[in-house]
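**Q** Before I ask anything, here is the structure I am working with.
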Amino acid sequence: MADVRFDQATRVYPGNDAPAVDALDLTIADGEFMVLVGPSGSGKTTALRMLAGLEEVDAGSIFVGERDITDVAPKNRDIAMVFQNYALYPYLTVAANIGFPLKIAGMKKRERERKVQEVAELLDITDQLHKKPGQLSGGQRQRVAMGRAIVREPSVFLMDEPLSNLDAKLRVQMRADIAALQSRLGVTTVYVTHDQSEAMTLGHRVAVLKDAKLQQCDTPRELYARPANTFVAGFIGSPSMNLCTVPVANGCVSFGGMPVSVPAGVAGDSVVLGLRPEALELAAEGLDAEVEVVEELGADAYVFCVAEVNGAPTKLVARSHARQAPHRGSRVKLRPLADEAHLFRPDTGERIDS
Amino acid sequence: MLALMSPWIVGFLVFIAYPLVMSVYLSFTHYDLLNAPRWIGTANYRYMFGADDQIWPAIRNTLWIIVVGVPLQVLFAFGISVMLTRAKHGVGFFRTVFYLPALAPPVAAALGFVYLLNPATGPVNTLLGHLGINGPLWFNDPAWAKPSLVLLSLWGVGNTMVIFLAAVLDVPRHLYESAELDGAGPLQRMRWVTLPSISPVILFAVVLGVIQGLQYFTQAYVAATVAAGQASQAGGTSNLELGYPQGSTLFYPILLYYHGFKYFDMGYAAAMALVLLGVSFAVTLVILVNSRRWVHYGGAVR
């Protein structure tokens, strides 16, 4: 049980000028489920491996509780990790795999078997204990890998894209299982994924990384409601937020005939206007657009259109009720909900708060 | 179909089936290459296990070279490959250096070692002398002749080393990382990750080493002959030099060779060859059956 703190933690791979993780400041509370999310090369996995001790920390430091673990050997960090490809020992049985950390720790055989049994019951894999990992399905291997991490009762739990090797249905199910397990065990957990929906459903808080830098760290709801910049705005939420650069005139921007007010003191003559699909509705009046694709989701439909914004053809997504969804190729009018508009600076992409 | 396979069928019949069948037949005859084989029943086998007083020393020497040599070769090859995977610089250079001896022809290698280990003039004993150590007589000492041959085999362990190197490099890195996070130190990672992961290669090296040990001939023959000072008149070697010095390098295949090509007793040599074949087969089988307990094939269901 411990909190985790990255303090200006930096990792530069040898032979690279650009850091893989650049001065990361991040505090993870005791018992919190923190998800690191970002595209490939954002440094999320490197940050996790730095915490595990598998990657050196070139500058800054990392704390677990009050203890500075920056230069502590991985085995002395009291951290357990679930690897993307599970890293199970193919030559050991499931029971021996789960019991491995205990065996290394020198625990007596009886005690070890009891603990393995406990964990196996928790994960519902008791009837697999005598098998080798090669005989298990992906989901079962995933559970064994979790079991090996849980059995140690570590102070911090790390998971590196643990669901990425599973099929879509199993992934959703395991996601729920992991969330339930984490809240039951109450162990501080750091979870890496590139899947924003996984991040949003699992994380108590979500840290969004891009190009080695932390972009924003907040609760899923806040990330969605108040993205700190255009990257977060576009990355979180599916389909993505509509982002278009529009000119400012008289303290207002005009989008499809609807004025959206811009706070006073915003420099420059244009802003980036962000509208989530649900903030763009089909109406009688508004921006003229042509429907390219309609994605039916049952109750709702996402309408993918092309419209002319600021003189350039721009792709926009609007949400509509399924019953009112237009046909492909038809022309519609898009009206923004001005209250739900986000504004960003066109140069830095930072959020403009009203 | 048969026509397509015929080259191999002919090859098999001429080079494998016929010699094997003939060996079995000849082992029950007396055959001196000049006169037609004369059927003598099991006399060759009875002599081998009853009256031949050279065969047990030959078997003992062969066992010695296997029991001492094979584990050392495996350890040495494994040790070098692990060092090569750890090295930060010059990996390519050292890999080449350790592999090169494997390219030396066995006869040349044996000659070189006899020269290096010459008790009086060899560089090794000269160097030891400078260090104040009185070097042994190596190939000229019954107690040191077999260890000298083991040294020679360790020097030429390059092939095995390369196979071990490939296997060690093939162990997935995340297994080490996982073991490290779970608290395993370097020795425990070796015991619980490296060794089980490369166990099929260890088995391969052991089986191959044992079979080569059973057939150990060239180096021993050359070293003994040369060390005995008979290089110039090889072929005229008399019975006295058999397994020089004092029979310490008399291995089973050498005895076989003497019976076949020095004493021209092909029947007896054929009987010895068949016994060797049977023993090789049995030993390999024992190792393979025993290996099920310690060899792990990745993910394969057996």
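The values are calculated or read from the model by the stated rules, or taken from the named source; none is laboratory data. Everything quoted here is computed from the prediction, not taken from an experiment. Note that each Cβ is placed from the backbone with ideal geometry, even for glycine, and that neighbours are counted across all protein chains shown. These area figures cover heavy atoms from the full protein model, side chains too; ligands, DNA and RNA do not enter into them. Shrake-Rupley method; radii C 1.70, N 1.55, O 1.52, S 1.80 Å.
**Q** With only Lys, Arg, Asp and Glu charged, each at its Cβ (+1 for the first two, -1 for the last two), find how big the charge dipole of segment A:240-352 is about the Cα centre; round to the nearest 20 debye.
**A** Here the size comes out at about 60 debye.
**Q** Still on this model: Among B:L26, B:L175, B:L100, which one shows the highest mean-square fluctuation when chain B is modelled as a Gaussian network with alpha-carbon springs under 10 Å?
**A** Fluctuation is largest for B:L175.
**Q** Sticking with this structure for a sec: Which residues of segment B:178-203 end up with at least 50 Å² less accessible area in the presence of all protein chains than when their chain stands alone, using a 1.4 Å probe?
**A** B:S178, B:E180, B:L181, B:D182, B:W192
**Q** Right, something else. I'd like to know how segment A:4-231 sits against the 2.2 N^0.38 Å rule of thumb: what's its Cα Rg over that expected value?
**A** Relative to the 2.2 N^0.38 Å estimate, segment A:4-231 comes out at 1.02.
**Q** Right, next: Quick check for you: which residues of segment A:64-91 have the amide N under 18 Å from the point 7 Å beyond the Cα of A:Q8 toward its beta carbon?
**A** A:64, A:68-71
**Q** What residues does segment A:46-67 have that are buried by at least 30 Å² of accessible area in the full protein assembly compared to the chain on its own, 1.4 angstrom probe?
**A** Listed in order, they are A:R49, A:L54.
**Q** Hey, another quick one. Describe numerically, in nm with one decimal, the distance between label points set 7 Å from Cα along Cα→Cβ at A:V266 and at B:I133.
**A** Going by the 7 Å Cα→Cβ label model, 8.4 nm.
**Q** Note down, for segment A:240-352, the three equivalent ellipsoid semi-axes (square root of 5 times each alpha carbon gyration tensor eigenvalue), biggest first, whole angstrom.
**A** With the √(5λ) rule applied to segment A:240-352, the semi-axes are 26, 13, 12 Å.
**Q** Between B:A108 and A:Q117, with labels modelled 7 Å along Cα→Cβ, what's the label distance in nm to one decimal, could you check?
**A** For B:A108 paired with A:Q117, the spin-label model returns 6.6 nm.
**Q** Also: When chain B is treated as a GNM, springs tying every alpha-carbon pair under 10 Å, which of B:T42, B:T284, B:T218 comes out with the largest mean-square fluctuation?
**A** Most flexible of the set in this elastic network: B:T42.
**Q** Subtracting the Cα-Cα distance from 0.36 nm times the residue separation, let me have the gained length for A:A312 to A:D124 in nm, one decimal.
**A** Value of the extension gain: 62.1 nm.
**Q** About its Cα centre, how strong a charge dipole does chain A have in debye, to the nearest 20, once Lys and Arg get +1 and Asp and Glu get -1 at the Cβ?
**A** Using Cβ point charges on Lys, Arg, Asp and Glu, chain A gives about 1500 debye.
**Q** Summarise the accessible area of chain A (1.4 Å probe, protein heavy atoms) by the percent that is carbon and sulfur.
**A** 46 percent
**Q** Once the Cα atoms of helix B:55-86 and of chain B are each reduced to a long axis, what angle between those two axes, in degrees from 0 to 90 to the nearest 10, is obtained?
**A** In chain B, helix B:55-86 runs at an angle near 20 degrees to the longest axis.
**Q** Tell me the carbon and sulfur percent of the accessible area for chain B, rounded to whole percent, probe radius 1.4 Å.
**A** So the carbon and sulfur contribution to the accessible surface is 70 percent.
**Q** To the nearest 10 degrees, how steep is helix B:106-116 against the longest Cα principal axis of chain B, on a 0 to 90 scale?
**A** 80 degrees
**Q** Separate question: At 0.36 nm per residue, minus the direct Cα-Cα distance, what do A:H327 and A:A249 gain on full extension? Give it in nm, one decimal, please.
**A** Full extension from A:H327 to A:A249 adds 24.6 nm.
**Q** A further question follows. Could you identify which residue out of A:T193, A:T46, A:T126 has the top mean-square fluctuation in a GNM of chain A using Cα springs shorter than 10 Å?
**A** Among A:T193, A:T46, A:T126, the largest GNM mean-square fluctuation belongs to A:T126.
**Q** Then there is this: Return the whole-Å distance between the Cα centroid of segment A:292-354 and the Cα centroid of segment A:87-147.
**A** Each part's Cα centre sits 50 Å from the other's.
**Q** How many lysine pairs does segment A:4-231 hold where the Cα atoms are under 27 Å apart and the two sit 8 or more places apart or on different chains?
**A** Lysine pairs meeting both conditions in segment A:4-231 amount to 20.
**Q** Roughly how many whole Å is it from the C-alpha centroid of segment B:1-74 to that of segment A:32-62?
**A** Between the Cα centres of segment B:1-74 and segment A:32-62 lies a distance of 65 Å.
**Q** Just the number, please: Stokes-Einstein D of segment B:166-293 in µm²/s, Kirkwood Rh from C-alpha pairs, 25 °C, 0.890 mPa s.
**A** Answer from the Stokes-Einstein relation: 135 µm²/s.
**Q** Note the direction-averaged projected area, equal to a quarter of the hull surface, for the Cα convex hull of the protein assembly as shown, in nm².
**A** Here the figure is 46.7 nm², rounded to one decimal.
**Q** Could I ask something else about it? Once the dipole of the protein assembly as shown is set up with Lys and Arg at +1 and Asp and Glu at -1 on Cβ about the Cα centre, which of B:I16, A:A325, B:S6 lies farthest towards its positive end?
**A** B:I16
**Q** For the Cα atoms of chain A, what angle does the longest principal axis make with the long axis of helix A:109-123, in degrees from 0 to 90, nearest 10?
**A** Here the helix axis deviates by roughly 20 degrees.
**Q** Leaving out ligands and nucleic acids, and using a 1.4 Å probe, what accessible area per residue does segment A:240-352 come to in Å²?
**A** With the other protein chains kept in place, segment A:240-352 gives 53 Å² per residue.
**Q** Okay, moving on. With just the Cα atoms of segment A:144-299, tell me how far they stretch along each of the three principal axes, in Å, largest first.
**A** 63, 39, 25
**Q** What do you get for GluC sites (Glu not before Pro) in segment A:272-352 restricted to DSSP loop and a cutoff of at most 15 other Cβ within 10 Å of the site's Cβ?
**A** Passing both the DSSP loop test and the Cβ count: A:E285.
**Q** Among B:I40, A:G234, B:L214, which residue has its Cα positioned farthest towards the positive end of the charge dipole of the protein assembly as shown, with +1 placed on the Cβ of Lys and Arg, -1 on the Cβ of Asp and Glu, and the dipole taken about the Cα centre?
**A** So the residue we want is B:I40.
**Q** Counting protein heavy atoms only and a 1.4 angstrom probe, how many square angstrom of accessible surface do chains A and B bury in total, to the nearest 100?
**A** Answer for the A-B pair: about 2000 Å² buried.
**Q** For chain B, what log10 I(q)/I(0) values come out of the Debye formula at q = 0.14 1/Å, with one point per alpha carbon and no solvent?
**A** -1.18
**Q** Of B:W155, B:I254, B:W144, which is farthest along the charge dipole of chain B in the positive direction, counting Lys and Arg as +1 and Asp and Glu as -1 at C-beta?
**A** B:W155
**Q** Computed FRET efficiency, Cβ-Cβ of B:R293 and B:L75, R0 22 Å: what is it to the nearest 0.05?
**A** That gives a FRET efficiency of 0.65.
**Q** What does the average come to when, for each residue of peptide A:78-85, you count the partner chain Cβ atoms lying within 10 Å of its Cβ?
**A** 3
**Q** Would you work out the charge dipole size for the protein assembly as shown about its Cα centre, treating the Cβ of every Lys and Arg as +1 and the Cβ of every Asp and Glu as -1, and quote it to the nearest 20 debye?
**A** About 2360 debye.
**Q** Taking a probe of 1.4 Å, how large is the accessible area per residue of segment A:4-231, in Å²?
**A** Using a 1.4 Å probe on heavy atoms only, each residue of segment A:4-231 averages 41 Å².
**Q** Given a Förster distance of 60 angstrom, what is the FRET efficiency for A:A180 paired with B:T284, based on the Cβ-Cβ distance and rounded to 0.05?
**A** E between A:A180 and B:T284, to the nearest 0.05, is 0.65.
**Q** If you take each beta carbon of peptide A:130-140 and count the beta carbons of other chains within 10 angstrom, what is the mean?
**A** Rounded to a whole number, the mean comes out at 2.
**Q** I'd like the per residue volume of the convex hull spanned by the Cα atoms of segment A:19-147, given in cubic angstrom.
**A** Taking the convex hull of the Cα positions in segment A:19-147, it is 142 Å³ per residue.
**Q** Applying 1/(1 + (r/R0)^6) with R0 = 30 Å to the Cβ-Cβ distance of B:H89 and A:T27, what FRET efficiency is obtained, to the nearest 0.05?
**A** For R0 = 30 Å, the calculated efficiency reads 0.15.
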